[in-house]
Structure formats: structure tokens, C-alpha cells
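A short write-up of the structure that comes next.
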Amino acid sequence: MATTAMPPAAPKKVNRVGLEPADYKGNRSTLCAGCGHNAISERIIEACYELGVEPYRVAKLSGIGCSSKSPAYFLRSSHGFNAVHGRMPSVATGTVLANRAIMALGVSGDGDSASIGIGQFVHLMRRNLPCVYIIEDNGCYGLTKGQFSATADLGSKLKTGVVNDLPPIDTCALAIQLGATYVARSFSGDKKQLLALLEGALVHRGTAMLDVISPCVTFNDHEGSTKSYSYVKDHDEPLSDVSFVPYFEDITVEYEPGTSTEIALPDGSRLVLKKLRTDYDPHSKVEALRLLTESHDKGEIVTGLFYIDTERPNFLDLLNVVDEPLATLPESRVRPPQSALNEVMDSLR
Amino acid sequence: MAREFTIGIGGAAGDGLDKSGDTLAKSVSRRGLHVCAYNSYQSVIRGGHIWLRVRISEQKVYSHGDRLHLLIALNQDSVERHAPEVEPGGAVLYNSDRFSCDASLLGDGVVPLPLPVKEITKDLGRLLPIMQNTVALGAVVFLARLDFDSMAGVLADTFKHKGQAVIDQNVKILQAGFDYAKERFVPLAKEAWNFSGMRRPFATGNELFALGAVAAGCKFYSAYPMTPASSVLHWMASHGERCGLVVKQCEDELAVVNMAIGAGQAGVRAMCATSGGGFALMTEAIGMAGMIETPVVVVEVQRGGPSTGIPTKTEQGDLNQVYGASQGDFPRVIIAPTDTTDCYWATVESFNLAEKYQLPVLIISDLLLSEHPETIEPDALRHDVPIERGELVNEWPEGNGPYKRYACTPSGVSPRALPGTAGTEYVSATDEHDEEGFTISDVFTSPPVRRKIMEKRMKKMEGVIRELAPPKLEGPEDAPVTLIGWGSTCGVIREARALLAAQGIQSNHLHIKYIHPFHAEDVTAILKKCKILIGVEVNYSAQFARYLRAETGITVHESILKYDGEPFEPRIIAEEAKRILAGRPINLDVTKEDAREMAYHYVRTHLADADRPAEIELADGNSHGESLWRVQLVDRASGEVRGELKIGVKTGSIYAWEPLTAART
């Protein structure tokens, strides 16, 4: 049989830890075609690839809902934890405290975070736990046939004609007020902005909260919905043009002098923001909250990095947890020192 | 008969009773005597009625008992309510500057011992009101023939952080109380104690849950404050840094248990503790731990329910809840420790079971067991406890093929890899999943996979039960009556049996520590040979008796139940057992003592605490359709009759308050 000599394969593109983009993929999505969540999964794959994240160091944590299923669709080689509804923030806290070497990537939805899990959400923001917290925000409960969630806009209408009569919870405003140190909003359809914000979030050392508007194509993508592709495209007001520069790449982002701000991230990476609005300072909580309130009143959806603080101590710093992961301490160090136990016994006498 | 002496201290919250009780107890435990104490308190910061009993004995005692030799009354209320309980030969010690002790309240052979605190301490500088307790303790040292230096030593330790001047002042006050008593009173204790000199630790169940956890290598403790579990949190918070564990007070119990599970999943030994209301919030997550096979230890310290109930009172009413926690069938262990020392060892065992079998272990305690302090044997708590982590996968070489987190094995236990172990990545899904962790709940579904994975999880229970020591019958096998208890009542049942034996009634005792899995075969074999079976439980509906029937098909003949918030005392169980043996039906009528307590409640809620009950007599009910207790109320200060309260003997309803004179102005 004649054999045809194959031309030598082109060297595969790999990142700095020697992995290909395919190594960051997950299972095939079972979500609806066109679901915003799938686009977010793709950006997570790209961001982790570009940063050279070691997948086995990542814990993907989620709650319940369409959003919370999505961790199955990226980073196949990472640990996953599908918790019960609304409880991902505390599971993530326990995980990170037990093993600080783990990079916690939380994926939640608007129902999971703003409704049933709001108590957990606000307290996670307060803790400034080192983790990425993504809300895949479609304003409705897709998995149970599209009922309103607590981020649905006032006056927003369901396909069935039901009108939402309560104001939405702005998870970004809450996160800023409560102490999260990296707070941004993006749109699942804005590839460039979402990727840069995700990359910044992954290297941040505190709670990085990203609210990503992610239309539900089945239940909430129609006229009357403020979380539809068309509404968001028409009303999206990017705050700035965001570029992320990893610490291991010496790239200069070219913006006209005086129009951009550079933010140094803890690992040496940089976020470069090209101002689209005049003089917005992402280090000011007051400005961030004013911006969110004003744009909300105008019916605009502002996207971009609202707030960042690279100085505030995170939860691990505050708790004085030992440097090595508690989960892998040898038995000799798991037991308290004999002297400590003797002191306890003496105090009982 | 071993010598023993019980001292009661009655007062209001804020009077510093617990501190005084501690001082008293430690002063004797340091000399080698045994102590068992119980504090009956209320959910208020100041006021209310606090009643603390300290039982001192030369031999080990298993409950706070039901006797009273000396009452220290810190207010009028305590004199009135507890003076009648003092045994002949006993005494009532009270601050005579502040109130009086009406001789009519005292039984025969009980003497009032007034302490004019102001006069006694007039040369000792300005005193805080709380220091009246120290004067009384000085007198107690003399009356009960305790060791003055030992008590002075406890005070020195207590006030060490406040400096020598404060220590000196307190010791002088103690001395003044002792000297005053020595001049005027005679000792109540007949003979000197035989002090062994062995310093015995004095601890509560909650302290030993915490200490047991720390010794077992627990590195994560989360909690939300809830009586009567809070003292575990307090202990952990004050010892956490020294013992190297993370202690986190959370926003609610949902966060508490989920955090502990998150930590357990990542590989540290994690525990949390709560009471019934908090546990109700935790139940969904406990099922999650069962489903994703994550070790976690949860302590449920029961208090009086339902709902908010009686937060500072004891009960065993949460058995149904703990047993029924969370939806679906999942493997879990329920352990009910039987005494204070057992709180330590049950915790150590719980961590080992949780990790070896990768499941939630629920420890069910109650206010009595968790909060009452008692002396324990100095060598009862070893620190080099076994730490068995079960099958762990520390590395997974590439040639091994895919790692299956939930591998179906003959034992049902799947070797566990911790997140962060390269090559072992998996998803812990609360949805049903296959061996590798792939969910079978959405696009993929498979009834046989579901069946086999459920069987795999439940199979672990067979391994668990083989590890647990089956219960044993205590006492003569052929005794005419068997008392059956679970958890905290072990000691009091043992003492009730001694009381019965002293009256010529033989009995034996089966006590259950491992609630689930249950030793059904062993228990059935034991009980089949027993005669009259009596369940003893601190709840209304005999929850354990129902469970016993479900597990063994054996029905107890009768149950002795208590649900008034106070723990059993030996005499109550012995008397009820005798009633049952005599074939008499249970009598739930309001007793004369009950009527008196109910009158106090009425006085407090309606009459501004100005009156107290005096004469009480039984009368016909006339229009009320039941007999009545007619309780005469008199003015607390003058003794003048104020009127009469009518209380239904059957229903306990307060039918009428009939004042004799016009309302006070």
C-alpha cells in the first residue's frame, strides 16, 4: 500500500506552562445555543490560557442554576464543586481557608447570588476573600422556566406578560460598598472587554466581583427585557477601553498620552484603562457609587472596571493563616503542640 | 456511704453566681474531691432567677443529685423558693443587710444563718456588691469544712490579671466571712473531708468537644452564636491561635456548615456546633456532605423546643430532627455522647469516622451535657489520640488512567484525592453523578448508574457499624426492670438505679450512644431477655422509644419523660420507676409545689413581684369543672394577706386572681 508522507505538523501553540488552548476546555455545553453563559465560558478558557494558569490549582465553585452548570464547560482539568443553591460563597471561603494555594473561581447567577444567596454574597464581599466571583446575570431563572430574579429591572416584562414590579439589586454597588476590592461589570457579548477584566480578576489578590450581563435567549431576550442582547447593545456605555498586560509580557499599550490610566496589579501585571469618560477614578468608592446610581437613573448600562483597591488586606491576611495550606500539613503539625494542650489542661484545674 | 455535700446558690443574673460556683468547685477539685454542678439559668443578661447547685463528694458522682445541705441565698426570691428544699441538719446562708429569712419557710432542723455583710466587711474598704458572694464563700469554707488556702488560691488565680491588691482584698473578704462563721456558727459537715490531694480538671462537655476537636487535628471551626452551643465557639476563639486553627464566626448557620464542608472538601478536619434552630438551617448542606462524600463534624446541642422554645433549658427533643435531617437517603453517623469525658472521645472518634468513611458525623448533645461542669479523671484525656484519615490519594501518576473520585469499591469507600492534587481533578456535584463525578441529572441520565452509586454510598454504613462498640447491659441480667436511655442521661439513670437498689428494687440499664447506624441485632438480643422495659427521655413524645421500635420491633412498656426544661434528678426516675412497677397510672396533675411555682410566675407577670405565695390548699372547682389549688398570696415585705389565686389542678389554668384589698397605689 502506498503511503503518503505527511508534512511535518506545525508546532502547536502552547502557553508559558506548556499547555494548549484545548487543555483549558471543558465538556460540551448543555445550555441553549446562543446563551450568554457559553460566551463567558469561552472567555474564561482564553484568560486562563493566556495567563498560563495551572488547571489543577483551580477550584471551580458554583451553586445551582444555568450559570452554576457552566463550570463543567471550561477547565476540564480543574477541581469542581457544585454546591447547593446560593451557598457557593461559604463553600469557597472554607475551601480557600483550608488551602490557600488554591485559586478559587466562583461562578454564580443572579438568582443564586442576589436572591437565595444574597446573605452569603454580601458577607463574602465583606471578607475580601481571595477569589474571582462571576455573576452570570440574565435577570431570570432559566432552569425553572424564566421567573424573575432580584436583578431584573423595574418594569421589565416576561414573555408571559408578567411585569417586574420591584427595583433590581445592583450587585456591583453592593460589592463596592461592602468591601470587595475589584468590581466590574461587563457584557457576555463584549469579547475584548470581558477578557481583559477576567484576566485582571484572576491575578487580583482579594475578592474580584464581575457582574456579566448574559442574556437568556430562551426566556429573557425579547422586546421589553432589559437583559436582552438588543437592549444591552443599545444601552451599553463602556467606562473605558480595558487592556490587560500580563507581567511576563512586555507589551506597550498604545493610547494617546493623557487619555489612559495604568493600574499595577499585585503580581506585576497591569490593567490599562483608556478613558472614555472624563476623569473617572476607579480608586474612589464614592465616584463608583455615584456613577452606578446616575447611569441607572438614565437607563444606561455602564460597563468596565468600577472600583479597584490593591492595598486592602484580604481575608487570609486578616486571619493570620499559616503560609502553607492547612489541608496538606503533615500529621506532626496538624496536632497542636503538647505545650498548648498542657496549658489547656492546667487552666481546667 | 461516701461523704457528700450539696451547696445551692440562688440569685439573679448579674449576681456573679457562676463565678462563685466555679471558685467553690475548683477549691475542692484541686484537693481531690469530685464535683458535679448544674446551673439553671434564664435567657436574660440581668435579673431573672438563677439557681446553681454544686455537689461535692469523695467518690465520683454522676449528676448534680437531688439533695441540698446548704443554701446561699443572694436575694429574697431565692430564700423563698429554695429554703424549703434544704434537708434537716442543713442551713440557709443569706445577706441579712438586704433581706430576711422567714423561719416559716424552713423545714425542721434547718437553721437560718444571717450574714451582716456590711458589718463583716466594714474595715475592708469599698466593696462591690458582687463581693457579698466572697463573704458567703468564706462562711461556706467553715460550714462545709473545706480548705481555706485552696479557695484563696483559686481567687488568686481568678484575679491574677488585676494585680496583687485585688487578690489581697478578695482573700481578706474571704477570711472575714470565714472568721465570722467560725465565731457564731457550727460546721454542718460532721467530719473532715478525706482530701486525696489529686488536682482534678473541672470541665464542661462543650469545653471537651472543643478540646477533643483540637487534639484530633481539627483546623477549621465555624459557628454562629446560639445557646447552648456558644461556649464551644468561645473556647475555640480564645484558644484557636495557640492551637493553630482557623475560627470563623459567620453570618448564619447556612454559611457555618457550608464553610465547614468547603474546608472539609479541601482536606482539613472541620467542625461546627449549633443548637436545634441553627441545625434546622444546616440540614440541606448536611445532605450535600453525604452526597459529595465530604467529611464534616456537626455538633447539635439540644435545648428546649419547639421554635425558640426555652433557650437556656435542657431537652432531648431534637432526635427526630437530627435523624431526619435533609432530603433523600445518604450515609451519616449520629453519636450521642453519654458523659463529659465521652464528649472528648466521641469527638475524636467522629473525626476518624468522618474521614475514613467520607461522610457527615452528627454529634447530638444537650444543654445539660454541654454546659454542666464536673470533675474528670486527670488521666481521662490523652492527647496522642489516633488520627485516621482514611484512604487518601496523594499522587496520581499519568499511567494510572483516569482518577475516579467516586469509584465503586466493595467497601463503598472511594480513595479520596484532595483538590490541588495534579491528575485527580473531579467535580463534586450535588447532582447525582457517576464514578468519575459526571452528573447524571441533565442530558445524561442512567437508572442503573444511579442505582449502583446509591448502593456504593450506602454500603459505607456497613463498615461504620463494624467499628462501633455495641451497647452493653449494666446491672444484673435478671432484674425485673430495665431502664433504657440515650445520650446525656447515663449518669442520672445510674444513680437512680442505686436509689432503687437501696430500696430493694433490682434494675438494669441499657444506654445507647450510637444512634445511627444502630446496633439493632445486639439491642434486640439484649432486650428480648429483659422484663419490664422503661424508656427514660427528656422529651414529650418518647422520640427514642419510637426509633427503638422502628429498628428492633421492640416496644417499651412505658416511658419516663420530662419536658419542663430541667434535667432529671435520680429521685424523679426512681419514683417514676416505682410507680410503673406498682402499676399506677401517670399523674399529670398540678402538684402543690407546681401551684406554688405557678403562683410565683403570676406574681412576676401581674403583681410587680411584690407578693409571694403562702398557704396553699386544695378546693372544689365549682363552676370550673375541676379541682382547684387556692393559693394565698401575701405581701413580701409585711406578710399581709393580699388575696387568692385559683389554679386548675388538671389544666393548670389560672382561673382567677381575687384580691382582698384595693390595688396598691
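Applying the criterion of at least 2 residues that are open to solvent by 30 Å² or more (accessible area, probe 1.4 Å), touching a residue at least 60 places away in the same chain (Cβ under 8 Å) and under 18 Å from B:P570 (Cα atoms) to the strands (runs of 3 or more DSSP E) found wholly in the range B:17-100 leaves an empty list. Criterion applied to B:E455, B:E425, B:E435 was being in a loop (DSSP other than H, G, I, E, B), more than 14 Å from chain A (Cβ to nearest Cβ) and open to solvent by 40 Å² or more (accessible area, probe 1.4 Å), and the one residue passing it is B:E435.
Show the residue pairs meeting these rules: Cβ distance below 8 Å; 6+ apart or different chains; first residue within the range A:95-124 and within 26 Å of A:T144 (Cα to Cα) and more than 8 Å from chain B (Cβ to nearest Cβ); second residue crowded, with 24+ Cβ neighbours inside 10 Å and among the acidic types (D, E). Close Cβ pairs satisfying both conditions: A:V107/A:E136; A:S108/A:E136; A:G109/A:E136; A:G109/A:D137; A:D110/A:E136; A:D110/A:D137. Here the range B:438-447 is the region considered, the condition is being more than 19 Å from B:E293 (Cβ to Cβ) and at the interface with chain A (Cβ under 8 Å from one of its Cβ atoms), and the residue that is most open to solvent (accessible area, probe 1.4 Å) is B:V443.
Taking the range B:380-398, which residues are farther than 20 Å from B:A213 by Cβ and part of a loop (DSSP other than H, G, I, E, B)? B:E391, B:N394, B:E395, B:W396, B:P397, listed by residue number. For the range B:406-416, the condition holds for no residue, the condition being that it is more than 21 Å from A:I64 (Cα to Cα), within 12 Å of another protein chain (Cβ to nearest Cβ) and out of contact with any helix residue (DSSP H, G or I) (no Cβ under 9 Å at 6 or more places or on another chain). Just wondering, is there one or more residues in the range A:264-277 that are of a type in the set (D, E), over 21 Å from the mean Cα position of the chain (by Cα) and either surrounded by fewer than 16 Cβ atoms within 10 Å (Cβ to Cβ) or more than 26 Å from A:D110 (Cβ to Cβ) (or both)? Within the range A:264-277, not a single residue is of a type in the set (D, E), over 21 Å from the mean Cα position of the chain (by Cα) and either surrounded by fewer than 16 Cβ atoms within 10 Å (Cβ to Cβ) or more than 26 Å from A:D110 (Cβ to Cβ) (or both). Here B:E241 passes the criteria (1) away from every other protein chain (no Cβ under 11 Å); (2) closer than 30 Å to B:N394 by Cβ; (3) without any contact (Cβ under 8 Å) to a residue 24 or more places away in the chain except the one numbered (1).
Residues in the range B:275-284 that are buried (at least 24 other Cβ atoms within 10 Å of the Cβ) and more than 14 Å from chain A (Cβ to nearest Cβ): B:S275, B:G276, B:F279. It is to be established whether one or more residues within the range B:253-267 are open to solvent by less than 10 Å² (accessible area, probe 1.4 Å) and either closer than 26 Å to B:I376 by Cα or more than 12 Å from chain A (Cβ to nearest Cβ) (or both). Looking for residues that are open to solvent by less than 10 Å² (accessible area, probe 1.4 Å) and either closer than 26 Å to B:I376 by Cα or more than 12 Å from chain A (Cβ to nearest Cβ) (or both), one finds none in the range B:253-267, hence no.
Within the range B:531-579, can you find the residues that are within 19 Å of B:Q506 (Cβ to Cβ) and open to solvent by less than 20 Å² (accessible area, probe 1.4 Å)? Matches in the range B:531-579: B:L533, B:I534, B:G535, B:V536, B:I560, B:P570, B:I573, B:A574, B:A577, B:R579.
Residues in the range A:151-200 that are in a loop (DSSP other than H, G, I, E, B), hydrophobic (A, V, I, L, M, F, W, C) and open to solvent by 10 Å² or more (accessible area, probe 1.4 Å): A:L154, A:L158, A:V162, A:L166, A:I169. Summed over the range B:515-559, the residues that are part of a strand (DSSP E or B) and in contact (Cβ under 8 Å) with a residue 60 or more places away in the chain give a count of 3. Considering only the range A:182-190, I want to know if a residue exists there that is closer than 17 Å to A:H235 by Cα and of a type in the set (S, T, N, Q). Taking every residue of the range A:182-190 in turn, at least one turns out to be closer than 17 Å to A:H235 by Cα and of a type in the set (S, T, N, Q). Residues in the range B:208-226 that are free of Cβ contacts under 8 Å to residues at least 40 places away in the same chain and facing chain A (nearest Cβ under 7 Å): 1 in all. B:H601 passes every criterion in (1) out of contact with any Pro (no Cβ under 8 Å at 6 or more places or on another chain); (2) surrounded by 12 or more Cβ atoms within 10 Å (Cβ to Cβ); (3) modelled with pLDDT under 95 apart from (2).
The values are calculated or read from the model by the stated rules, or taken from the named source; none is laboratory data. Worth saying up front: this structure is predicted, and the values here are computed from it rather than measured. All Cβ positions, even for glycine, are placed from backbone atoms using ideal geometry, and neighbour counts span all protein chains on display. When the accessible area is computed, the model is the full protein with side chains, heavy atoms only, and any ligands, DNA or RNA have been set aside. Shrake-Rupley method; radii C 1.70, N 1.55, O 1.52, S 1.80 Å.
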